[in-house]
Amino acid sequence: MQEEVRKKELSKALGKVVERLRKQANLSSRTLAYEMGMSKTTFLLAEQGRLDPRISTFCKIAEAFYMKPDEFFSLVLKELPEWWFPAE
């Protein structure tokens, strides 16, 4: 159960970042999906936080925003709640 909740939070964080970057770039969902070689439906699922993406999808999204995957992932991690991270 805990793992499923963590996956959902990661997907929601991804969606927030994708939506924010897309709006900053002043791009439509359709345009960005086309540039990534992804269906508009799949892109919208990612933006709505309802997609559990593969690493290759993560990299495609980062590339679409002219970012390195680690830079993009860093933005996603910043959107996650504190409880998501394991205690040290």
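Side notes on the structure shown:
- Of the residues making up the stretch 54-80, those that are outside any helix (DSSP H, G or I) and either buried (at least 17 other Cβ atoms within 10 Å of the Cβ) or touching a residue at least 60 places away in the same chain (Cβ under 8 Å) (or both) number 2.
- Residue list for the stretch 15-53, restricted to those being within 16 Å of LEU80 (Cα to Cα) and free of Cβ contacts under 8 Å to residues at least 12 places away in the same chain: ARG20
Every number in this text was worked out from the coordinates using simple rules, so none of it is lab data. If you're wondering where the values come from, they're calculated on a predicted model, not measured in any experiment. Virtual Cβ from ideal backbone geometry, glycine too; neighbours counted across all protein chains shown.
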